[in-house]
Each structure stands twice: as structure tokens, then as C-alpha cells.
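One structure is given below, encoded as C-alpha cells.
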Amino acid sequence: MALDPRANVEPEAPPDFSLQTSFGDDLKYFPYQLRGECEDLEAYEPGGFHPVHLGDIYDGRYKVVHKLGFGGFSTVWLARDSASDKWAALKIVVANESSTYETRSVDSDHSVVLESEFFDVATRKFWIAGPNGHHLCLVYPVLGPDLSRLSKGIHTRFKPESAKALMLQAAQALSVLHAEGLCHGDFTASNIAVRLKDDFHAFNEEKFLEVFGRPRTDPVRPYSEESPEPHAPRYIVEALDFLSSSSNLLCERICVIDFDQSFTATSAPTKLGTPAKYLAIEVAVGEHASPASDVWALGCAIFRVRSGEDLFFDYDTNSPADVLQQIVKTVGDLPDRWKETRFDEDGNPTKDQGEPFWALEETRPLEDGVHEILDEPQGLFIDQNGAPQDPAVADPAPPQFESDGPPRVPYTEAYSGMLWKPTAVCVDGGYFAAYSDESDEMLKAFPKMAESEAAQLVDLLSKIFEYDPAKRVAAKQLIGHPWFGHSQRKRKRVD
């Protein structure tokens, strides 16, 4: 069954955007109407993203079937390769970054990255000439979702044992890189993906559509009356949801991706393109990155994967100065040598005249953050005290909106050993829809992390979030830490 590239593109009745037109003064496009997150529509412009449509064929062999994901510098598409009759992931880089993208990555130059089970590298590359410029396209093996998509606030969380197993592998992967004198430079939960079982790779296009359905799309609507083409696509595509499959296609095996910020330990930069919330403190104040900076990022990823939340993040943490405030709030006062660091108007450290750093008055010690991590309750229906409730007594409130329905549906039995969904838990008849004062009260009904595990995790993170990079624990020293359990435990698949 061929995929109709125009299927599910034009809605029967366009949404009413009358309440949103006030935003059109600075933006080119109306917001998209899809449940999942998508790339920034405003980046479809010269120098930006390449417009892709379902059914497009690239390099004479790769037919686009779905979207896998996106980042600040690229979109990633699921394609069927007619030459090999296999699936492939096409990473199409924004035009402005394409010419330098390859030179920034060290992955293909080192055998450890090419040969290790923890990494995948591009198998082919080619160039695409489009309306927004020339784009580098890298061809990769297809992977499952990244860990940040599977550990996301009230929406989805890992079971404790799965989180430990995955992050043990992350520590092992980092140890392999560092042993070869390499640093990843962007070691975030978004750059650690899970591998897919052989069942997925055996799908043909017809079976794929049978399992996952047609891609969800939404027309791109400019504020002007002009067509979005040629710079933007006719429609935007929601990324593939692997968890919509009734059978578990995910392995508890990781793959570290995106080496575009990588560097050798002997040529360390003072600036990294990693999100501010993962920046090591020494990089945030303008010092050189190092293997120790990767370890700091690993600690941030561990907290995210175990808790579903980011440790050093507030709603406006976007710069080194911002994250420094969050770090001091959590870990403690800066050493004297860093207290005089000044920052420019964008929050970047500067040696010229700038604003001095100022710490927030509030504190939230690391121990408190760990002890507040929520765990799964004993059932899907609980009262405000966390005790199980009879579903017949709970009297769940009906969804207010159609979009409220899917979050209330728990993961299928196939995923129950790996993931759980806080939004599927009914607390005294109510469900989570978004963070609010009311939801904060509901969260109190959830059990907290066991004291024994909390003590181990605090110990682990305290070793990682050491301000002095020279004293910070090395990746290879983390592997045997008791929080991970048995350091040599076999990685398992969740069937």
C-alpha cells in the first residue's frame, strides 16, 4: 500500500484562528494544531530548514514515509531505501550550518565510535538543493525515541530499574569515548536514543502503516494570504510515536547520537552548543570544556531520566548566566575565583564590561530535589493520600476536551515494565492536564522515591556536581556506583 503524500493534510474545517491573529505581527505562520511538538515553523526560511513532504524521494532512492524528530539544526525523517529495501533515517541539516556541520564532528574519524555498540554513525551523505539553500543530508540507521521524549514531566516516566539500566549504559558509553581522548560536547538525554527491536526493521511500508497509521499532519498557514511554499512545506508532520504500537518495539539498549559538538580533549572549546541546562559550571563561566564537562551533563541526564524533570532549569533558563543561578540554588555558592565573572546582555560570560553575576535568594538543595522525585502508585485510581481506590467509587471526571482523552490512557501491557504515565493516574476523580496549583496538590498523592535509593542517588550526583573539574568523578569511576545496581548486569529487552 503506497503512502499518499497528501493524505490527512487538508482538514474538513480549519480551526478558528481569530484569537491568535494578534501574534501575527512578528511571526510568519499561525501555530500548528497538533498534539505533539514540532520544529519551529519560523525556521523555514532561507538558511533554515528544508521543506519536506511525505512521499518525497531523495538521492533517487529514499522515500519519506514519516518524521522521526527534529532539533535546532535539523529535521530527521523515516525513509524507505529502495536500493536496500530497508529503513533509513535522513537527517537534513539547516542550510546555514550544513557547510561546517561535518567538520565539527569527530565521529567518523575514530574507530571507537565506528565500532562500539553504544554509537551509530552516518552510513552515507549527500546534498539537497532547495529553496532555502544547500542542505547536508546524513543517512543513519533508524533508532527509537530519545530518552528526553520518554521521560517528560507528568506525561511519561521510566520505571526505576529501566532508568538505571539505561543510564548505566550512558556512563559506559561516555567512558569509552573518554578513554580515546574524545568528548561528546552535547551529552544530553535528547542525544541518547533507545534501539529498536528486529520486529520494526522487518516491517515493509504496508505493515508500518498498519501498525502506526498514517502520519498526523496540519496545514502550514501563513498570516499573509500567500502560499507557504516554496520556503515552508504545505503541511507540518507530527513525529512518529513509537509507543502507539500495541507491541513493544523498544530495546533497553541505548545509542548515543549527534556528535556535531564533539571535540578532542586536547582541543577543548570554551563555548558549547549544548542547551544551557546541561552546561557544566566551568563552561558556564567561560572556561574550557573537558571530559569532566561531559560527566556534568551525564549527571543532568541521569536526573532527567529518573525524575522526568530537569535539575538546573526554570521556565526561562536559556543562557549560561541563567543556568548558573539554578546551579548555585541547588549545589551551593560559587568558588571565589568565579564570583567576579561578568556576563553580556545575552547571558554569556565575557571578559569585557558586562553585568556581574547575582544569585537567587531562594535555594533548593540537591537532596530536596532528589527526595521529591515521584514514583508510580500501586494502581491507576488513588485517593489524595495515595491509597488505592475502587474505580467504581473514584467516579473519574469526563475529559473537557478531545485532546484530554489520550493522556488518560495508560501504556499497553507491552510497555508496562519500562514506562508509566502520570496523566493516566486518577486522583480522587481528577486527572492531570497541565501543571497548576491544583495539579501540585494532586502530585502529593504519589509516592516518593524510596529513602534507600534517594541516598544512593544523592551520593552519585554529589560526586558528579563537583565544582572543581579536576576533582569531579570520571565516567569510568561511575560505572560501579551502587545506584546503578550490579555494574555488570546484562542489558535486557522488555517484551
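Odds and ends about this structure:
- When Gly347, Gly369 are checked against the criterion of being assigned to a loop (DSSP other than H, G, I, E, B) and either touching a residue at least 40 places away in the same chain (Cβ under 8 Å) or surrounded by 15 or more Cβ atoms within 10 Å (Cβ to Cβ) (or both), a single residue qualifies: Gly347.
- Any hit, region 53-61, residues being touching a residue at least 24 places away in the same chain (Cβ under 8 Å), under 29 Å from Phe187 (Cβ atoms) and of a type outside the set (Phe, Trp, Tyr): no
- Highlighted here are the helices (runs of 4 or more DSSP H) found entirely within region 124-220 that include at least 3 residues which are polar (S, T, N, Q) and either in contact (Cβ under 8 Å) with a residue 12 or more places away in the chain or under 24 Å from Thr423 (Cβ atoms) (or both): 160-179.
- Scanning region 403-422 finds one or more residues that are in contact with a Gly (Cβ under 9 Å, 6 or more places away or on another chain), surrounded by 13 or more Cβ atoms within 10 Å (Cβ to Cβ) and closer than 19 Å to Arg157 by Cβ.
- Boolean, Pro31 is surrounded by 14 or more Cβ atoms within 10 Å (Cβ to Cβ), free of Cβ contacts under 8 Å to residues at least 12 places away in the same chain and in the same structural domain as Asn204 (by TED's automatic domain parsing): yes
Yes or no, residue by residue, for (1) modelled with pLDDT of 95 or more; (2) assigned by TED's automatic domain parsing to the domain that holds Pro469:
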position: Glu226; (1), (2): no, no
position: Val237; (1), (2): yes, no
position: Val283; (1), (2): yes, yes
position: Pro291; (1), (2): yes, yes
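- Filter pass, Val305 being within 22 Å of Glu367 (Cα to Cα), in the same structural domain as Ala474 (by TED's automatic domain parsing), within 21 Å of the chain's Cα centre (by Cα) and surrounded by 18 or more Cβ atoms within 10 Å (Cβ to Cβ): yes
- Residues in region 68-103 that are surrounded by 21 or more Cβ atoms within 10 Å (Cβ to Cβ) and in a helix (DSSP H, G or I): Ala95, Ser98.
- Residue match in region 125-135 (condition: modelled with pLDDT of 95 or more, within 30 Å of Val409 (Cβ to Cβ) and surrounded by 17 or more Cβ atoms within 10 Å (Cβ to Cβ)): no
- Annotation: of all residues in region 248-290 being in contact with a Cys (Cβ under 8 Å, 6 or more places away or on another chain) and surrounded by 23 or more Cβ atoms within 10 Å (Cβ to Cβ), the one that is nearest to Ala193 (Cα to Cα) is Tyr278.
- Scanning region 64-71 turns up one or more residues that are over 26 Å from Phe203 (Cα atoms) and at pLDDT below 95.
- The residues on offer are Ala455, Ala434, Ala470, and the sole one that is outside the structural domain of Arg337 (by TED's automatic domain parsing) and not acidic (Asp, Glu) is Ala434.
- Selection within region 240-282 - in a loop (DSSP other than H, G, I, E, B), of a type in the set (Gly, Ala, Ser), in contact with a helix residue (DSSP H, G or I) (Cβ under 7 Å, 6 or more places away or on another chain) and farther than 30 Å from Val409 by Cα: Ser262, Ala280
- Residue within region 420-432 that is part of a helix (DSSP H, G or I), touching a Cys at 6+ places or on another chain (Cβ under 9 Å) and free of Cβ contacts under 8 Å to residues at least 60 places away in the same chain present: no
- Complete set of residues in region 344-373 that are at pLDDT 95 or above and not charged (D, E, K, R): Pro365, Leu366, Gly369, Val370, His371, Ile373
- Under the condition of being closer than 23 Å to Asp468 by Cβ, free of Cβ contacts under 8 Å to residues at least 40 places away in the same chain and either in a loop (DSSP other than H, G, I, E, B) or of a type in the set (Asp, Glu) (or both), the residues counted in region 333-344 number 4.
- Failed item in (1) in contact with a Phe, Trp or Tyr (Cβ under 8 Å, 6 or more places away or on another chain); (2) at pLDDT below 95; (3) surrounded by fewer than 18 Cβ atoms within 10 Å (Cβ to Cβ), with Met442 passing the rest: (3)
- Condition met for Pro399 (surrounded by 13 or more Cβ atoms within 10 Å (Cβ to Cβ) and within 12 Å of Tyr431 (Cβ to Cβ)): yes
- Residue match in region 53-67 (condition: farther than 21 Å from Leu209 by Cβ, part of a loop (DSSP other than H, G, I, E, B) and within 22 Å of the chain's Cα centre (by Cα)): no
- So Pro407, is it part of a helix (DSSP H, G or I) and either in contact with a helix residue (DSSP H, G or I) (Cβ under 6 Å, 6 or more places away or on another chain) or of a type in the set (Phe, Trp, Tyr) (or both): yes
- Out of Pro356, Pro398, Pro377, Pro335, sole residue that is of a type outside the set (Phe, Trp, Tyr), under 30 Å from Phe158 (Cβ atoms) and out of contact with any Gly (no Cβ under 7 Å at 6 or more places or on another chain): Pro398
- Output for region 283-332, where each listed residue is of a type in the set (Val, Ile, Thr) and in a helix (DSSP H, G or I): Val283, Val295, Ile302, Val305, Val323, Ile327, Val328, Thr330, Val331
The values are calculated or read from the model by the stated rules, or taken from the named source; none is laboratory data. As the structure is a computational prediction, the values presented were derived from the model and not from experiment. Cβ: placed from backbone, ideal geometry, glycine included. Neighbour counts: every protein chain shown.
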